[in-house]
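First comes the structure, then the notes that go with it.
The values are calculated or read from the model by the stated rules, or taken from the named source; none is laboratory data. Here the structure is a predicted model, which means the values were calculated and not measured. We place every Cβ from the backbone using ideal geometry, glycine too, and count neighbours over all the protein chains shown. These accessible areas exclude ligands, DNA and RNA; they are computed on the full protein's heavy atoms, side chains included. Shrake-Rupley method; radii C 1.70, N 1.55, O 1.52, S 1.80 Å.
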Amino acid sequence: MNPIKPLLLFATAAGGLLTLTNPVVAQVWTPSTTAPSQTWWSVASSADGTRLAAGGLAGWIYTSTDSAATWTSNNVPERNWFSIACSADGGKLAALVHGGDGIYVSTDSGADWTLANAPIQTWDSVAASSDGTKFVAEGLGAAGDRIYTSTDSGATWSQTSAPNKYWSSVASSADGAKLVAVASGGQIYISNDDGTSWTPRETNRNWYSVASSSSGDKLVAVVGGGQIYTSTAMLAGAQGSTVELQYAGNGVWQPLNDSQNALRAGGNAFTGQQTVTDGNVGIGTTSPQFPLHIATASNSVIALQDTGPNSTQSGYISFRNSSFTETAWLGFGLAGSPDFSIVNARSSGNIVLLPFAGKVGIGRTPTVNKLEVEGTASKTAAGSFLANSDARIKTDVQTVTGALDKLAQVRLVQFHYTDDYRAQHPSLKDRSYLNVVAQEFQNVFPEDVQSSGEKLPAGGDAILQVDTYPLTIYSAAAIQELNRKVEKEHAENVELKKRLEALEKLVREK
C-alpha cells in the first residue's frame, strides 16, 4: 500500500482564507484564523506548499512561510491585488495591480517588494517559470490589451508581439519557454519561443482562464458559460522527423511520452526517462556515426554540472562493463573532493597518454620535450628513472676514456635564480641551488645542451637547458681511472718494498 502524502491546497474567499490538508483523507477545508479579514482575490503557492502569498482588493499582500500557520503583512501599498505568481521554491514573486498601477516583484519570498519597470495599466493575470526568472503578464493600458514578459525575475518587462485582444488569462511552462494566453471573445494563442511569436488556436469563445502542465504540452482552458477544453501538443518537426505514438481512445493519438516530440522544431524540453533502444543519437548532425555524436562548428562543450549545495561537488564520466560494474572513471568521483582523477579500476589495467606528435605538460604548456613539469617531481623511493640499455640495441660501443681530463673542464657552481626567472616560475624558492652553467657545459658536452623554447620577459634567445647525466657516467669512469692508477702504484710500491728488503738483508750479512 502506498503511503498517503500530505497535500496542502489553498483558496480565497471574501473575508477569509481557507486551507485543505490531506484532501484524499479528510476533504476538510479550514479557515486560516491567523490571516486578517479582507476581500481576498489572488493566491500563489510554492511547489511544496510551505510558502504562500495572498492579495486582496483594496488591501495588502500577506505571505506565509509555514503552510498558512502564520501570516506576515509586507511593505506594499494598499492596492487591488488581482493576480500573484511565484517560483517553485516560493522565493520569487510577481503581483499585479488591477486599475492604474504596475507590477510589484519580490526576490526574497515576499519580505520586500519593488515596483517593476512595467507600464502603468490595468493588469489581470500573471504566471511564472519554475525558477522565477521568467514571468508573463497581460493587462489593458495605453497600448491596448497586451501581453508582456520578463526574463530577469520581473525587474524589467517587454511587450510581446501578441495582438491586441481582450486577454483574460495567461499560463507558462516550467521553463518559461512555452506560453499560452486566452482572450474573452477571441481565440487561444500559443507561443513556443518565450513569447517572441504567437499562433492562434481553437475558435472564438468567451475564454476565461487557462493553465499549463510543466512541460507546456498539455493545456486546459475554461469558457465562461461554456465547457472545459483540454489540449495536447501538436506534432511538428523538420522533414524526416519521427515520433512514436500511442492510441488514447476516441480517435486521439498521442506521443508515447509527454515530452517525446522528438526533433520538434524550436528545440525540446525533455522530462522523465528517455530511452533510445537502437541506432545513434546526433546533436548538430543528421548522420550520427556513434551512439552519441555531437557536431558543432565551435564551442564543442559537454557540461556536467552538480547543482547540489556543496561548494566542491562531484561530476564524472563513469565507464561500465556488461554487468554495469564501474571499470574506470574520469572527473571528481567523490562528492566534496577537490581532486580530479583518472582511475582505471580494472586489476591489470593501465592508464596510457598518447598525444601522438604532441607533448604532455604538468603545470605548464610543454614546448620542447615529451614531458615537461613546472616545479619539482618525486617518486616514493630513491633512484633514477629506468632507461633501455640492452646490448642488442647498441652499436659502435666504446669505453669512456679521459674522464678525469673531461671532468676537469666542467665547472660546478652554486647560485641563485634571478628575480625575473622566479617571477616566471613562482614555484622556485629564493635559495641556493647546485648545477652547471649551460653555455660552459656546452663547450664540454655540446650534444647535451639544447633550447628549452622558453624566453625571458625581455626577449632574446631561448633559455638553454642541460642534461647532466654525462657527469654521472664520466664521474664513474673517472673513479675507474683513479682506481687503475691506485692499483698500479700499489703494485709498484710492493715491488719497491721487496727490493728494499733484499738490499737490507745484504747489508746485514756483510
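Some observations on this one:
- A residue that is within 17 Å of Arg364 (Cα to Cα) and either within 46 Å of the chain's Cα centre (by Cα) or modelled with pLDDT under 90 (or both) occurs nowhere in the stretch 432-444.
- Among the residues examined, Asp124 does not qualify as closer than 19 Å to Ser168 by Cα, open to solvent by 10 Å² or more (accessible area, probe 1.4 Å), among the charged types (D, E, K, R) and free of Cβ contacts under 8 Å to residues at least 40 places away in the same chain.
- Single residue of Ala183, Ala137, Ala171 found to be open to solvent by less than 20 Å² (accessible area, probe 1.4 Å) and at pLDDT 95 or above: Ala171
- Qualifying residue in the stretch 341-355 (condition: more than 30 Å from Asp430 (Cβ to Cβ), within 15 Å of the chain's Cα centre (by Cα) and either modelled with pLDDT under 90 or aliphatic (A, V, I, L, M) (or both)): no
- Whenever a residue of the stretch 91-103 is within 17 Å of Ala54 (Cα to Cα), its partners that are in a strand (DSSP E or B) and basic (Lys, Arg), lying with C-beta atoms within less than 7 angstrom and at least six residues away or across chains, give the pairs Val97/Arg79.
- Within the stretch 335-380, the set of residues being among the acidic types (Asp, Glu) and exposed (fewer than 11 other Cβ atoms within 10 Å of the Cβ) comprises Asp339 only.
- Some residue of the stretch 254-275 being open to solvent by 50 Å² or more (accessible area, probe 1.4 Å), assigned to a loop (DSSP other than H, G, I, E, B) and at pLDDT 70 or above: yes
- Members of the stretch 187-204 found to be part of a strand (DSSP E or B) and of a type in the set (S, T, N, Q), listed by number: Gln187, Ser191, Thr199, Thr203, Asn204
- Output for the stretch 417-455, where each listed residue is in a loop (DSSP other than H, G, I, E, B) and open to solvent by less than 40 Å² (accessible area, probe 1.4 Å): His425, Val436, Phe445, Ser452, Glu454
- Scan the stretch 304-329 for residues that are modelled with pLDDT of 85 or more and in contact with an Asp or Glu (Cβ under 9 Å, 6 or more places away or on another chain) and the total you get is 3.
- Test: Glu504 is among the charged types (D, E, K, R) and modelled with pLDDT under 95: yes
- Summed over the stretch 456-500, residues that are part of a helix (DSSP H, G or I) and either open to solvent by less than 100 Å² (accessible area, probe 1.4 Å) or of a type in the set (Lys, Arg) (or both) total 25.
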